[in-house]
């Protein structure tokens, strides 16, 4: 759905481009949290207004955002049909659809205004900040990517081992069944061992595996926050504090 030509960092300069990637990702998390909180008109308006403001200052042409939304028309229609089927109120349906649309816009704003390399580093920093189980980002990424890559490595090793066995005259189509089964399990053990050895030698860091190359940006990743980062953080924290004071108390 998202090809490199239309859905990638645009290489422009703007206030939004200067925001720290961690801050932008945190903002997205706050927005998602607000979407699941009890509806409050003022909070809803502020969150939507904040996203709309970011879009305006992102120096990205509006048609690019609209082009992305056009890809989700069927999803939006399906959401509408499902909510109507559940006999939800019209107002609630509109709110849910608007929240979903602005989530897509928020996400694409981050993609358009942040290099892939900075997204990788920012994600790593964010995982490290909220890592409550003591695992490093590298270990978490290694585990996730291993799930995706292990089957492919296993199949390649399987073909490699059993092809070598066939070359050596170990034919599995003929002979006594017990001998074939015994030989098969011996080779399977070899396959697992070689697969595990290959997996240990591979490096799975998001910065290098998921984000290999990208357009250069004037705003390199930095740990320090600028004035716009602080403003953005204050606004997001302010929305959560407003919810606690207005709705929960």
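Only one of these conditions is not met by residue 141: (1) assigned to a helix (DSSP H, G or I); (2) at pLDDT 70 or above; (3) surrounded by 14 or more Cβ atoms within 10 Å (Cβ to Cβ). Which number is it?
Status for residue 141: all satisfied but (2).
With 69, 62 as the choices, which residue is touching a helix residue (DSSP H, G or I) at 6+ places or on another chain (Cβ under 7 Å) and free of Cβ contacts under 8 Å to residues at least 40 places away in the same chain? Please lay out each step first, then the result.
Working: 62 fails: touching a helix residue (DSSP H, G or I) at 6+ places or on another chain (Cβ under 7 Å).
Among 69, 62, only 69 is touching a helix residue (DSSP H, G or I) at 6+ places or on another chain (Cβ under 7 Å) and free of Cβ contacts under 8 Å to residues at least 40 places away in the same chain.
Residue-by-condition table, conditions (1) at pLDDT 90 or above; (2) surrounded by 15 or more Cβ atoms within 10 Å (Cβ to Cβ); (3) under 19 Å from residue 231 (Cα atoms):
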{"residue": "5", "(1), (2), (3)": "no, no, no"}
{"residue": "22", "(1), (2), (3)": "no, yes, yes"}
{"residue": "28", "(1), (2), (3)": "yes, yes, yes"}
{"residue": "33", "(1), (2), (3)": "yes, no, no"}
{"residue": "50", "(1), (2), (3)": "yes, yes, yes"}
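Against the condition surrounded by 13 or more Cβ atoms within 10 Å (Cβ to Cβ) and either assigned to a helix (DSSP H, G or I) or at pLDDT below 80 (or both), how does residue 204 come out, does it pass?
Numbers: surrounded by 13 or more Cβ atoms within 10 Å (Cβ to Cβ): yes; either assigned to a helix (DSSP H, G or I) or at pLDDT below 80 (or both): yes.
When the stated conditions are applied, residue 204 passes them.
For residue 73, state whether it is under 22 Å from the mean Cα position of the chain (by Cα) and surrounded by fewer than 15 Cβ atoms within 10 Å (Cβ to Cβ). Break it down into steps so the answer makes sense when it comes.
Details: under 22 Å from the mean Cα position of the chain (by Cα): yes; surrounded by fewer than 15 Cβ atoms within 10 Å (Cβ to Cβ): yes.
Answer is yes for this residue.
The values are calculated or read from the model by the stated rules, or taken from the named source; none is laboratory data. Small disclaimer: the values here were computed from a predicted structure and weren't measured. Note: ideal-geometry Cβ built from the backbone for every residue, glycine included; neighbour counts use all protein chains shown.
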